[in-house]
1. For segment 575-640, build the charge dipole from Cβ charges (+1 Lys, Arg; -1 Asp, Glu) around the Cα centre, then report which of Leu620, Ala602, Ala579 sits farthest towards its positive end.
2. Run the simple label-point estimate for Lys609 and Asn628 please: 7 Å along Cα→C-beta, distance reported in nm.
3. For segment 575-640, what class follows from the C-alpha gyration tensor (a ≥ b ≥ c being the square roots of its eigenvalues): rounded when a/c is under 1.5, otherwise prolate if a/b is larger than b/c, else oblate?
4. Loop only by DSSP, 15 or fewer other Cβ within 10 Å of the Cβ. Give me the GluC sites (Glu not before Pro) in segment 741-847 that pass, ordered by residue number.
5. For labels at Arg856 and Lys498 in the simple 7 Å Cα→Cβ model, what's the distance in nm?
6. Pop a pseudo-label 7 angstrom from the Cα along the beta-carbon direction at both Arg540 and Glu416 and give the gap in nm to one decimal.
7. Nearest 20 debye, what's the magnitude of the dipole of the chain about its Cα centre given +1 on Lys and Arg Cβ and -1 on Asp and Glu Cβ?
8. With a/c under 1.5 counting as rounded, go ahead and sort segment 649-717 into rounded, prolate or oblate using the C-alpha gyration tensor (a ≥ b ≥ c being the square roots of the eigenvalues; past the cut-off, prolate if a/b is larger than b/c, else oblate).
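Nothing in this text is a laboratory measurement; each read-out follows from the coordinates by a stated rule. Being a predicted model, the structure only gives us computed values, none of them experimental. Positions of Cβ are backbone-derived with ideal geometry, glycine not excepted, and every protein chain shown enters the neighbour counts.
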Amino acid sequence: MHKNNRLTLLTLALGSITASAQQSASYVDRLADYNHAVALYNEEQYLAAQLLFSKVKQAHVGENTEVEADCAYYIAHCAIRLNQDGAEDKIDEFVKKYPTSSKQNQAYVEVTDYYFSKGDFSKALKYAVKVKENAISSEKRLDRFYFEKGYSYFYTKNKKEAERYLKKVNTSGEWGEQATYYLGYIAYDSDKFDEAKKLFDKVETKSTYQEKMGYYQADMSFKTGNFQKAIDQGTAQMSKATAQEKSELSKIVGESYFNLKQYDKALPYLLAYQGKNGKWSNTDFYQLGYAYYKSKDYNKAIEQFNKIISGDNGIAQNAYYHLGESYLQTHKKTQALNAFKNASEMRFDAGIQEDAFLNYAKLSYDIGNAYESTPSVLNAYLSKYPNSAYRTEIEGLLIDSYVSSRNYKEALALLEKNRSVGNKEVYQQVTFLRGQELFNEGDFKGALGLFDKSLAEQQNLKYTAKAQYWKGETLFYLNNFKESIAQFNAFEQNSASKGLSEKENLNYNLAYSYFKLKEYAKAGEYFKKYTDANPKDESRRLDAYLRLGDCNFVTGKYWPAMEAYNKVIEANKADMEYARFQKAISYGFVDRNPRKVEDLTAFVKDFPKSNLADDAQYELGVTYDVMNQNAKALAAFDKLLSEYPTSSYKARAILRQGLIQYNANKPNEALAKFKQVVKESPESPEAVEAVQNARLIYVDNGRVDEYATWVKGLSFIQVTDAELDKDTYESAEKQYIQNNAKSAIEGYEKYLKSFPTGQKALQAHFYLGQMYFAENNLEKATAHYEAVTAKDKNEFSEIALARLAEIYLKNKNTAKAIATLKRLDTEAAQEQNVVFAKSNLMKLSYEQNSYADALRYAEAVLKMSKTDNKVKADAQIVIARTAMATNEEAKAKKAYQEVLKVAKGELAAEALYYDAYFKNKDGKYEASNETVQKLAKEYSGYKYYGAKGLVLMAKNFYQLKDSYQATYILESVTTNFTEFSDVVSEAKQELQMIKGQEAKRNSSIAQ
């Protein structure tokens, strides 16, 4: 039995040996392939190795052998080295799928090592953090791993972790020196210079590190304040350094010399510095600029200081202060003002701040200030530094600055707050000058109050006299003619008025005041005094002759009147037409009717389009009538009616024709004319007279019933009330003539209530309008003036239209103002009213963007001889603005140049701005800046143009390579002029552009 069993077992064993032999042959083949793949891997034939490993791995699938795991390991590493897609995922997949593989930790170590050797330290770190450090058995391998992980942290700027791993490296091992060097660098970079020095000392003798260490040692010596040692180390290292290191060493050596105050030695090294990434910082520019400053090379100092943009630290304050000093040394006061202003606003160094403020205040007085008024700056200095050694000097400048700045509005506000005894004379002067400004702006009530304040001080007799004169002028414009005469007389009696320019026009103004009061004899005396003095102002002289003629005419002195009119006619300028007309009329009063006819005929022929042409034609008809030349009279009236159909004389002419026909015993022709008057001009005084004359004809011809029927159809006539109408009107008129305004108003209102369409309704409306206007009751004045202008053109139309236009303009009723002004422009006989109409139509057209109309009116205004300088300036401004709006800058430039010759106040400020603007356009940047500075000094009260001028100045400075001035000015504009959004927007846009350019070379600029 036992034998049988053994046989069976033996048989089985023999079978097993046969099968095993077959398997071993297959295994040997796969093992050979695996070993071949490993050999290919080691020979860096990764693609071939990967394919073979994949074959071997496939053969072991399901056996879960170590060979399968090893194949997966090598396949993943081949993928890494071949940079295949998903290679990194294969590493993680290997670790996850084969957790018992002996190569699991090694996989991450090898990948870390691979990426580290390739210099991809971020990826090296990614796998290093997955390594189980305690699974690395080899101390040498562990040292290498610690260094690689530590350096990767160093590279990714994680100094804390870098330091932790580099400290684990065995200092005596292969990686010890490198770890020590980088630990030294970390200490150096963390400003731990003592620790860095100790670490660097350990590797100082190694040639590998000597070249780099020289730079760090020089830098550490510099940073620890050992400047001479830094210089020695830096210069010694210079020849061994790279180009970049030479730049950094130059900075270290240059700044060390700078700190030792050896500025001449510092300069070449500071200049050799190339900056960080090609950019300098504000500190770099400051050091080079200060070195130049100390070497007294102020222009080069400016070149560097003005690159310091938007600085906000002690270095910047120091730089701006010395930039101001450098500008002063090179006589650039405008630039110096900005630099000192900037330094005075910074609090890092109180001493520099105070001295900068002092310089800023003095320069503000000297050249003006566009940011704030000079008095405000000086007051601010005294307030901030009440115990300043310069207090007395600044107080003296303050008093004078109130006047020299010409910003009388703000000066007055400051003086009102500080009414000290020492300021009384200045207060008298400023109130007068501010009063003059308001007078020129048309604010007569405001001006009057200021002239009264000036007169109350009595400190300076010259200004007392001036205030008396200008108060008289103001009262005249406020229609208070009696008081204006009193003021002019007070001025004349004041001994201080002698030699004042106002004296030249005194008699002229007195004459006009009497003229307005209808005291023509007295007015004539003063007009003659004025003309006898042969004044230089031709326009006033001719106007005085004209009014002298009028005064003599009204008082019945016709020959002297004609002599005065002749002076105007001979000049052949303003009012020549009027003078010729008046002279012709005068001949009629001295019984020279043929000469009157001759002159009137010539007038109509020479001036057919004149506003007086219809007057002349009417007078021609009247004169022929007086001379009993009926046919010529009728023909003259017919010509008036045909050529001047809208004439205010139309009704009168037809009425005169009717009277001529009546006197010639032609009742039917006369009656037709009278009825024509009634039909075409109902409710007019001529219509009432026509009805009365028609009554005589009807009565003479026994046609009373026909008359009664006709007259009942006329709404404006009540024959029985005629006498009451007359008496009521004359009662009111008597009060008006006696200047009893209140009683006159009551009388005229009563008349209109009783006789709304009475014979004198037109006159009543006009005089009520005048009285209500004088009382500033514009609503009632308007109603009565409109009643006058609603009628056909009449003797009151012109004045009523002028007053209505004035009221509509004041109330900003643009539509009615334009309609009224257009009618006034057409109908006015007085040239000043035509000027008034055209100039305001010009302004309104411009405001409504009707540029063609605005230009047409402006050019017409300039052609008129009686246009004063202010209106001329207005016209030129409109031409200039219109040209700018339509992009005709050449035309605008010419117009603004004309404005500059005559303008004052805000218009002058605008013209100066555009003078600077066009100089900038022409590339004349310095000249443009000079104009802006003039604008700041002489017109600081007009802040809008001051702000625009500053933006222009900034642009000029940037073109002149002064980036600091440009940016500082623009930043100041955005801070100080927020009320002008358009200017601030432009400033911000320009500032952004400049900073964008400057950031390319200055690392301190944040965009």
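1. After comparing all options, I get Ala602.
2. Each label point is offset 7 Å from its Cα along the Cβ direction, giving 4.2 nm.
3. oblate
4. Glu775, Glu795
5. In this crude spin-label approximation the distance works out to 5.7 nm.
6. Result for the modelled spin labels: 3.2 nm.
7. 1080 debye
8. Numbers: a/c = 2.29, a/b = 1.03, b/c = 2.21.
Oblate.
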